[in-house]
Amino acid sequence: MDTLALRIEHKPMEVRDEPSPTGHVSIERGESRAVLLTPSEIDLAKRYPLITVLHGAGRQDEMLVKACRDEPEKRDALFLVPRSLLPTWDLIASPERPDLDFLEYAYDLIFRRYPVDAERLGLLGYSDGASYALSVGLSNPELFRAVMAWAAGFVAIENEAAAQDTRRPAVLIEYGTHDELFPFEQVAVPMREQLEAFGCAVTFRVDQGGRHWPSGQFQDEALDWFFSEPWQPRS
């Protein structure tokens, strides 16, 4: 893959004759697809945070759509749940970037159709999706303010982003102490150290006795963390 950069910028919402659809909104291009979950009513005077939720290997996007279906009303925010084109994300499974290209398309569409708060974009990922969330988020610090990652196996950072003297996204990571796929001492502890060395403010959470499956509290706690943070506009 030549770059992890998302070649997109936030644009003001377009003026349209008809309101944009709400609720469970399908976004498709070719074989790529995603679901955008919105509050039942969109107040055009507001600006809504946008959280992108990334599944692990095996494309459990439908399960995540169900897990997030009540969050738009609860959080007064937009939730985007994309599906990887291959069984996992392009950074892991392909030399090309079909998933990143589709994310560019989806973000551009959402920015034009909905009043998005450009200062409150976050990524939430599980396992392979957590590695992808960290890699995409930290490679695009001008776009994302925070990354929430459960059991990330690695992080890859765009060289240009690594060289920039800029604010890094805040990071919350969680690992189970008995994760059989990513051993705690060999993966979790070095990941925290790597992220802190990169300049990220890291919130590190431990699921005592947890294996390679997220605790039932992770999503709520991660989103509580995101929505309670004082996300200040960039200087």
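The values are calculated or read from the model by the stated rules, or taken from the named source; none is laboratory data. As the structure is a prediction and not an experimental result, all values here were calculated from the model. For neighbour counting, all protein chains shown are included, and Cβ atoms are generated from backbone atoms with ideal geometry for every residue, glycine included. Just so you know, the surface numbers come from the protein's heavy atoms only, side chains and all, with ligands and any DNA or RNA stripped out. Shrake-Rupley method; radii C 1.70, N 1.55, O 1.52, S 1.80 Å.
Taking the charge dipole of the chain about its Cα centre, with +1 at Lys and Arg Cβ atoms and -1 at Asp and Glu Cβ atoms, the residue from Thr203, Gln164, Ile42 reaching farthest to the positive side is Ile42.
For the peptides 100-112, 162-174, the ranking by mean Cβ contacts within 10 Å, running from highest to lowest, is 100-112, 162-174.
Contact order, relative form, for the chain: 18 percent (alpha carbon pairs under 8 Å, 6 or more residues apart, mean separation divided by residue count). Kirkwood hydrodynamic radius of the chain, from the reciprocal of the average inverse Cα-Cα distance over all distinct pairs: 17.9 Å.
Using a 1.4 angstrom probe on heavy atoms only, work out the carbon and sulfur share of the accessible area of the chain in %. Each step should come with its number before you reach the end.
Values: 5210 of 11020 Å².
Answer for the chain: carbon and sulfur cover 47 percent of the accessible area.
For the range 46-92, just say rounded, prolate or oblate: build the C-alpha gyration tensor, square-root its eigenvalues into a ≥ b ≥ c, call rounded for a/c under 1.5, and beyond that prolate if a/b exceeds b/c, oblate if not. Oblate is the answer for the range 46-92, as a/c is 1.5 or above yet b/c matches or exceeds a/b. For the range 61-161, the relative contact order works out to 19 percent when only alpha carbon pairs closer than 8 Å and six or more residues apart are counted. Taking a straight line from the alpha carbon of Lys66, these lysines sit under 20 Å away, with near neighbours fewer than eight places off in the same chain left out: Lys74. In this simple spin-label model, placing a label point 7 Å from the Cα along the Cα-to-Cβ direction at both Glu41 and His212 gives a separation of 4.7 nm. For the chain, the solvent-accessible area with a 1.4 angstrom probe is 47 square angstrom per residue. Packing, as the average of other Cβ atoms within 10 Å across residues, places the peptides 58-64, 117-123 in the order 117-123, 58-64, highest first. By the helix-only formula, in which each DSSP H run with n ≥ 4 contributes -39500 (n - 2.57) and the sum is divided by residues, the chain has a 222 nm mean residue ellipticity of -8500 deg cm²/dmol. Sorting 37-43, 7-13 by average packing, meaning the other beta carbons within 10 Å per residue, from highest down gives 37-43, 7-13.
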